[in-house]
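Below you'll find the structure, written out as structure tokens, and then a few comments.
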Amino acid sequence: SEGQMIDDRVRDEMLFYATSGDYSDAARYERFALDCKLDEKAADIGMVVKYLASQIPAAGKPLEILETASATGLTAVGVTSELTRAGISHVYTSLDIEQNLLHYAMLRRRGDKFVQGDFEQLPFARCVFDIYIMMGAEGYRPNGTFYPEAYRVLKFGGYYVMPQIGPRPIVRAPEKNAALQSGLRIVRADNYLIAQKDGMSPSA
């Protein structure tokens with residue numbers, strides 16, 4: 001059946017990405033992402049981000065959003081369309097280490113800024129982003145600097161959002177602990193990990 005064919009293809013592709021780490025073929029990755037229904041997940045993420053945006057005091061500036069491991073930009077589509085519909089002004093920055101994925105997203109205008117870089121060494125100043133989204137890529141964080149970097153680039157009062165994907169989408173204890181150790185406060189931990197950078201900057 002067609003469902004079984006998709007299941008087999010998804011499993012084969014998961015194995016391919018897990019073993020090769022080769023994300024250079026953007027069109028292939030996009031097919032895989034759509035088979036995994038990541039476009040539907042993106043719409044759900046958009047609803048969550050829209051709610052969080054309503055919790056952030058707007059200082060008359062657009063909301064600064066960062067997504068890392070942004071791939072072909074499907075999450076950007078879901079989030080930006082929700083925010084636009086709600087009339088929430090925003091700038092969406094997509095970061096990925098794979099130039100071909102970024103280029104694919106950029107050609108399709110999925111986001112506003114496209115930056116090649118490593119999410120364990122973010123090429124941004126501190127306290128820049130209101131919301132930081134990261135979906136998956138847990139297996140690609142060897143240096144232990146991921147959460148300290150997330151904390152560093154978030155504004156005070158900003159939110160880190162990690163939707164869980166896969167057959168058992170639940171936040172695991174090591175993930176929560178890593179977030180807490182960086183100084184973030186956990187707001188929600190179920191099929192999303194949402195954590196906030198509390199407090200005010202010393203200069204505020």
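The values are calculated or read from the model by the stated rules, or taken from the named source; none is laboratory data. Here the structure is a predicted model, which means the values were calculated and not measured. All Cβ positions, glycine included, derive from the backbone under ideal geometry; neighbour counts span all protein chains shown. Ligands, DNA and RNA are excluded from the accessible area calculation, which covers all protein heavy atoms including side chains. Shrake-Rupley method; radii C 1.70, N 1.55, O 1.52, S 1.80 Å.
So, in the stretch 97-126, of the ones that are farther than 15 Å from Ala27 by Cα and among the polar types (S, T, N, Q), which residue ends up most open to solvent (accessible area, probe 1.4 Å)? It would help to see each step written out before you state the result.
If we filter the stretch 97-126 for residues that are farther than 15 Å from Ala27 by Cα, which is where we start, we get 97, 109, 111-126.
This time we only want the ones that are among the polar types (S, T, N, Q), so: 116, 121.
Values: Gln116: 102, Gln121: 136 Å².
Among those residues, the one meeting the criterion is Gln121.
Could you check, for the stretch 178-190, whether at least one of its residues is open to solvent by 40 Å² or more (accessible area, probe 1.4 Å), within 20 Å of Leu52 (Cβ to Cβ) and touching a Pro at 6+ places or on another chain (Cβ under 9 Å)? Yes, some residue in the stretch 178-190 is open to solvent by 40 Å² or more (accessible area, probe 1.4 Å), within 20 Å of Leu52 (Cβ to Cβ) and touching a Pro at 6+ places or on another chain (Cβ under 9 Å).
Only one residue in Tyr160, Tyr151 is open to solvent by less than 20 Å² (accessible area, probe 1.4 Å), modelled with pLDDT of 95 or more, of a type in the set (Ser, Thr, Tyr) and out of contact with any Asp or Glu (no Cβ under 7 Å at 6 or more places or on another chain), so which one is that? Result of the check over Tyr160, Tyr151: Tyr160. Per the listing Ala53, Ala27, Ala42, the residue uniquely of a type in the set (Gly, Ala, Ser) and in contact with a strand residue (DSSP E or B) (Cβ under 6 Å, 6 or more places away or on another chain) is Ala53.
Only one entry of Ser94, Ser81 meets the criterion of being surrounded by 23 or more Cβ atoms within 10 Å (Cβ to Cβ) and closer than 23 Å to Asp39 by Cβ, and that entry is Ser94.
Among the residues of the stretch 55-63, not a single one is buried (at least 23 other Cβ atoms within 10 Å of the Cβ), under 15 Å from Gly158 (Cα atoms) and in contact with a helix residue (DSSP H, G or I) (Cβ under 7 Å, 6 or more places away or on another chain).
Residue by residue, here is whether (1) over 20 Å from Ala69 (Cα atoms); (2) modelled with pLDDT of 95 or more; (3) among the basic types (Lys, Arg) holds:
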| residue | (1), (2), (3) |
| --- | --- |
| Ala137 | no, no, no |
| Pro142 | no, no, no |
| Arg188 | yes, yes, yes |
| Ser201 | yes, no, no |
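Scoring Ile133 on the criteria (1) touching a helix residue (DSSP H, G or I) at 6+ places or on another chain (Cβ under 9 Å); (2) over 22 Å from Lys50 (Cα atoms) leaves a single failure, condition (2).
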